[in-house]
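Notes follow the structure.
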Amino acid sequence: MEHGTGLIQAVIFEAADRNNIGGSAYGGQRSICCTPDLAKLEGCKQGEVIRIPSATEINWPMVLSIQFNGNDLSTQMNNAEVPIKKTGMHNLFFIACDPKLKGTVMSGKTVWKNPDGYLPGRMAPLMTFYVYMAIAYLLLSAIWFSQYMRFWEDILQLQHCIAAVIGLGLFEMILWYLDYSNFNKTGMRPFVTTAWVVTVGAIKKTLSRLLILSVSMGYGVVRPTLGGLTSKVLLIGATYFVASELLDITEHVGTINDVSGRARLFLGLPDAFLDAFLILWIFTSLSKTLEQLQAKRISVKLDIYRKFSNALAVAVIASVAWITYEIYFKATDPFNERWQSAWIITAFWDILSFALLCVICYLWAPSQSSQRYAYSEDVGEEFDDEEAQSLTRGQSNGDVSLVKQERKNGN
């Protein structure tokens with residue numbers, strides 16, 4: 001067969017050297033394959049990939065050729081090891097310039113290893129990040145559970161839910177670290193291990209959102225139950241869990257590459273829609289709870305809920321701003337050249353979630369006054385500063401019920 005007939009070439013290059021692949025004749029459209037006109041102008045071989053040697057490394061970009069023999073319908077590429085000496089985002093393309101090879105199917109495996117392990121450069125900082133996040137959750141859980149055990153008899157259902165979210169958060173960060181550490185050492189991501197990680201993460205995200213929704217409705221502080229809304233809350237929670245699980249499994253399990261645009265859009269839209277619906281429901285419920293507390297003039301709870309609404313508003317504004325930045329970041333970096341800072345996109349959401357959880361823990365910390373003031377609806381009665389501190393910090397300053405009884409007797 002003629003040279004170039006049945007030829008497939010593997011091209012390895014850094015994103016910054018992408019202009020060293022291909023050329024254009026007479027200022028026309030750029031072509032990766034050598035055409036008759038380009039063969040005259042560039043001196044390339046017709047039917048092969050155009051490669052312009054790098055100014056710093058003559059053998060770079062690297063091109064490996066695989067040839068079909070005679071009338072064979074299949075061929076095999078020999079194992080090849082390619083040393084990469086320059087830090088950057090590298091790409092591997094398989095290119096067939098022969099139109100007769102259109103529809104060729106390829107199967108195989110590529111293994112990439114960095115000096116510190118198999119973890120891709122854009123993912124490597126996350127392994128360290130998850131260590132710090134696990135430490136942060138550990139500290140939060142130590143503080144929370146010390147109060148939790150101290151005031152065990154006065155714990156509210158809401159505080160049980162907060163404890164569950166803290167525990168799941170710590171478990172999730174540990175699992176992510178173990179998954180990344182195993183991947184870095186072995187170069188593989190076992191399906192079962194990664195599936196467990198994303199499942200725990202989906203459960204934690206779902207419970208976190210339901211916790212915020214329940215708090216906004218006044219559950220555990222203003223009202224003892226969610227009443228007729230319980231089934232609706234559970235339904236939205238189950239739906240969100242399924243949508244989040246499908247998106248995370250597609251994105252993480254069995255792959256280390258970004259999800260293709262259509263797949264991410266298809267699976268990401270339900271997740272985004274449910275998030276928007278939950279935000280709307282949360283703020284609507286929060287507004288009603290604030291109106292109820294203001295009408296009954298329950299100052300301590302009103303102050304707590306105002307602080308919570310301010311924190312929630314800041315979180316939503318930060319989320320919208322970060323989504324805008326994320327879209328800009330990806331739109332202006334089509335070749336992933338800013339890979340060294342790409343890990344921050346993922347890390348931000350974990351930091352924001354943890355910060356909001358800390359606010360909830362601060363505002364609804366366990367105390368001996370939790371049960372006493374859980375559903376009190378004393379109209380027109382203002383609590384003094386010491387009682388407010390007792391409610392929000394767990395500091396006791398005498399028998400408050402006795403103080404309230406003396407006030408009633410005085411009236």
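The values are calculated or read from the model by the stated rules, or taken from the named source; none is laboratory data. Keep in mind it's a predicted model, so treat the numbers as computed, not measured. Cβ placement follows ideal geometry from the backbone for every residue including glycine, while neighbour counts extend to all protein chains displayed. These area figures cover heavy atoms from the full protein model, side chains too; ligands, DNA and RNA do not enter into them. Shrake-Rupley method; radii C 1.70, N 1.55, O 1.52, S 1.80 Å.
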Worksheet entry | Segment PHE273-GLU42, length gained on full extension (0.36 nm per residue, minus Cα span) | 78.0 nm
Worksheet item: What nm value, rounded to one decimal, do you get for the distance between ASN19 and VAL242 when each label is placed 7 Å out toward the C-beta?
Response: 5.1 nm
Item to complete: Count neighbours as other Cβ atoms within 10 Å of each site's Cβ, and list the GluC sites (Glu not before Pro) in region 31-133 that are DSSP loop with at most 10 such neighbours.
Response: GLU81
Discussion item. With the crude spin-label approximation of a point 7 Å out along Cα→Cβ, what separation in nm comes out for TRP112 versus MET77?
Written reply: 1.4 nm
Discussion item. Can you tally the net charge around ALA347? Count Lys and Arg as +1, Asp and Glu as -1, for every other residue whose Cβ sits under 14 Å from the Cβ of ALA347.
Written reply: -2
Item to complete: Report the label-to-label distance for TYR132 and GLN157 in nanometres (one decimal), using points 7 Å from each Cα along the Cα→Cβ vector.
Response: 3.9 nm
Item to complete: Report, ordered by chain and residue number, the lysines lying within cross-link reach of LYS100, taken as a straight Cα distance under 27 Å and ignoring same-chain residues fewer than 8 apart.
Response: LYS40, LYS45, LYS109
Worksheet item: Hey, which lysines would be in cross-link range of LYS113, C-alpha to C-alpha under 30 Å, not counting anything within fewer than 8 residues on its own chain?
Response: LYS85, LYS86, LYS185, LYS330
Worksheet entry | Cβ-derived FRET efficiency at R0 56 Å, TYR362 paired with LYS85, nearest 0.05 | 0.65
Worksheet item: Want the number for SER181 to LEU139: 0.36 nm per residue separation, take away the alpha-carbon distance, what's left?
Response: 12.9 nm
Practice prompt. Considering only protein heavy atoms, with the full assembly of protein chains and a 1.4 angstrom probe, order PHE191, PHE348 by accessible area, largest first.
Written response: PHE191, PHE348
Response to the item:
Stretched fully, the stretch from ALA164 through GLN340 gains (0.36 nm per residue minus C-alpha distance, one decimal, in nm) 59.9 nm
Worksheet, complete the sentence: Neighbours of SER24 by Cβ distance under 11 Å: Lys/Arg at +1, Asp/Glu at -1, summed charge -1
Response to the item:
Between the alpha carbon centres of region 319-363 and region 144-184 the gap in Å comes to 23 Å
Discussion item. Could you work out what % of the accessible surface of region 62-176 is carbon and sulfur, using a 1.4 angstrom probe and leaving DNA, RNA and ligands out of the count?
Written reply: 56 percent
